[in-house]
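Q: Got a structure here, written out as C-alpha cells. Questions coming.
The values are calculated or read from the model by the stated rules, or taken from the named source; none is laboratory data. Since we're looking at a predicted model, the values are computed, not measured. For neighbour counting, all protein chains shown are included, and Cβ atoms are generated from backbone atoms with ideal geometry for every residue, glycine included. Surface areas here come from the heavy atoms of the whole protein model, side chains and all, with no ligands, DNA or RNA. Shrake-Rupley method; radii C 1.70, N 1.55, O 1.52, S 1.80 Å.
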Amino acid sequence: MKNAMGLALAAVLGLAAALLNWSYLERRSLEIEAVSFLAVADTARIRPGDTFQESQLVRVDIPRRQVGRLEDSAVMFADRHTVIGMKAVRSYEGGEIILRQDLKTPPPELTLLENERVMWIPVDASTFVPSLVAPGDFVSFIVPKLVDLGDPQLTGTPEGTVVSKEHEIVGPFRIVSLGNRLGSAEVFRAAGLSNAQDNVIGIGVRMERDELEPRAQKLFDRLRQTNFRQVGVLLHPREKQK
C-alpha cells in the first residue's frame, strides 16, 4: 500500500515538475523569440536629404514580448529594400530605429476635400515665416476693413476703391499649398526640391450651390477692392485645428 502511495506521489510530483518546466520553457521562448527591425548603424549619421545607403542600416532584434506596438510603426528588417535609396526627411543618429511615419514624401498633387476649391492668396512675406507653416495648418488673414462712404476715416485706393485705415480678420482657412510646396518644409527639402512663390498661400474654400462660402467671398471681395494687395497672416495653434 505504501509503495502504491509512494508511486502515486512521485507521479504527481513528476507531472507538476513537467508542467513547471513547460511553463518556464514557454516563457523563455517568448523572451528568446525576436522581431527584427531596421535601424541606423552605430557609426552612421544621416542628415535630412541624405540617401539611405545599405551600409548605414543594420538589423536590431527585440524580444517579441518587449515589442509592444512598435511592430505597427517601425520598418521591419525584411523590408529594408523599400528604404534603401530613399531620401531622409529628418536627422538620424546611430542606433535609431526607422519609423514608417518618417519616410513620408511630398504629396504628388493638391489634396482637396469634397466640394472644395483652391483660392490663392497673396500674402505679406514680412508677416510670417514660410518654413514654419505647412499645408494642413489653419490661418486667418488680416485685411483692410470697409466702412460706409460717409465715414471721415477713409483713404483712397486705386480705381476709386475706398477702405478704412483699420483692419479685420477673415478666416480660418485650411492651407493646401504654400507656393509650390504641398508638404512640410523638411520633407520638401529632403526630396531635393526648392521653394518658389512661398508668398502665395493656397487655401481650401467650400462651394455652396456654385458660390463661394461667405467667409471666402468676403476675403475675395477685400482682395479685389484693394487690387489684390498682399495681406497679413495669422497662424492658428495646431492642437486646436479640427
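Q: Taking all protein chains in place and a 1.4 Å probe, what share, in percent, of the accessible surface of region 41-139 do carbon and sulfur account for?
A: On the way: 3050 of 6060 Å².
Answer for region 41-139 is 50 percent, counting heavy atoms of protein chains only.
Q: Please work out the Cα center distance from region 74-100 to region 175-242, rounded to the nearest Å.
A: Computed from Cα coordinates, the inter-centre distance equals 32 Å.
Q: Using only Cα atoms, what is the ratio of the radius of gyration of region 50-145 to 2.2 N^0.38 Å?
A: This ratio for region 50-145 stands at 1.60.
Q: Quick one: how many Å² of I98 are accessible to a 1.4 Å probe, rounded to 10?
A: Approximately 0 Å² for this residue.
Q: With N residues in region 43-93, what two-decimal value do you get for its Cα radius of gyration over 2.2 N^0.38 Å?
A: Values: Rg = 12.1 Å, N = 51, 2.2 N^0.38 = 9.8 Å.
Taking the Cα Rg and dividing by 2.2 N^0.38 Å, one obtains 1.24.
Q: Restricting to DSSP loop positions (anything but H, G, I, E, B) with no more than 14 other Cβ atoms inside 10 Å of their own Cβ, which trypsin sites (Lys or Arg not before Pro) remain in region 202-233?
A: R209
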